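The values are calculated or read from the model by the stated rules, or taken from the named source; none is laboratory data. This one's a predicted model, so the numbers in the text were calculated from it and none came from an experiment. Methodologically, a virtual Cβ is constructed for each residue, glycine included, from the backbone with ideal geometry; neighbour enumeration extends over all protein chains shown.
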Amino acid sequence: MSSPQNKDRTSTLAELLKDKPKRGRPPHPVSRQNVYVALTAEEKKEMKRLATLLPDNLSRADLPDLAIAVITARLEALRRAVSDRNREIPEGVTDLESLYLLWDLTLPPPHSERKWTSIRVSPQEAIELGRAHGTLNGAFGANRSDTFSLALILLTQFLETQPLQDEVSLAEIRKMILSNYL
């Protein structure tokens with residue numbers, strides 16, 4: 001049996017490693033999940049460009065969360081527009097391209113080569129991406145990559161039309177998105 005004296009003593013190695021910086025990604029307040037999507041080279045370049053439009057306290061890693069927040073708000077606005085009917089999407093929107101035209105977005109190139117990549121999103125945003133994907137898949141047969149590409153274009157439109165102040169938090173930008181579209 002161990003004596004009570006040994007239970008109170010901490011390990012020397014544990015004490016030495018406590019202040020040592022960890023390798024890998026810096027920790028976030030909320031752990032993020034990997035979601036795999038296929039993106040074109042142009043979309044990856046656009047993500048790098050959009051990261052320069054963000055305030056200094058936000059990074060490129062926050063872009064997927066913001067893009068999903070924008071598409072969630074836009075789809076909720078569509079649901080509210082047809083709330084008195086038994087529909088999720090208005091009658092005139094018959095395919096994904098007509099949704100792009102409804103929201104005044106430029107259509108993506110028809111057949112660009114896509115490569116699989118992982119994006120890291122917060123758990124709630126992973127759920128919201130799944131809902132948006134389910135809606136667009138049921139209505140138009142869109143896959144998760146198409147859904148995220150649409151979200152990225154919507155985020156581009158939002159960031160180019162709404163200038164962000166310095167030192168604005170991720171939660172404040174989400175509130176701006178919701179107040180802008182709902």
If we ask which residues in the range 143-182 are aliphatic (A, V, I, L, M) and in contact with a His (Cβ under 7 Å, 6 or more places away or on another chain), their number turns out to be 0
Filtering helices (runs of 4 or more DSSP H) wholly in the range 1-82 for at least 2 residues that are at pLDDT below 90 gives 4-8, 12-18
Out of the residues in the range 30-59 that are of a type in the set (D, E, K, R) and in contact with a Leu (Cβ under 8 Å, 6 or more places away or on another chain), state the one that is surrounded by the fewest Cβ atoms within 10 Å (Cβ to Cβ).
-> 46
Kindly list the number of the only condition in (1) among the polar types (S, T, N, Q); (2) surrounded by fewer than 20 Cβ atoms within 10 Å (Cβ to Cβ); (3) more than 18 Å from residue 137 (Cα to Cα) that fails for residue 94.
-> (3)
Conditions (1) touching a Lys or Arg at 6+ places or on another chain (Cβ under 7 Å); (2) within 13 Å of residue 148 (Cα to Cα) -> residue 34 fails only (2)
For the range 82-97, enumerate the residues that are without any contact (Cβ under 8 Å) to a residue 40 or more places away in the chain, of a type in the set (Asp, Glu) and under 30 Å from residue 109 (Cα atoms).
-> 91, 97
Does the range 104-111 contain at least one residue that is closer than 15 Å to residue 148 by Cα, surrounded by fewer than 18 Cβ atoms within 10 Å (Cβ to Cβ) and free of Cβ contacts under 8 Å to residues at least 40 places away in the same chain?
-> yes
Collect the residues in the range 100-146 that are assigned to a helix (DSSP H, G or I), within 24 Å of residue 61 (Cα to Cα) and among the β-branched types (Val, Ile, Thr), keeping them in residue-number order.
-> 127
Matching residues in the range 158-179 (surrounded by 11 or more Cβ atoms within 10 Å (Cβ to Cβ), β-branched (Val, Ile, Thr) and part of a helix (DSSP H, G or I)) number 2
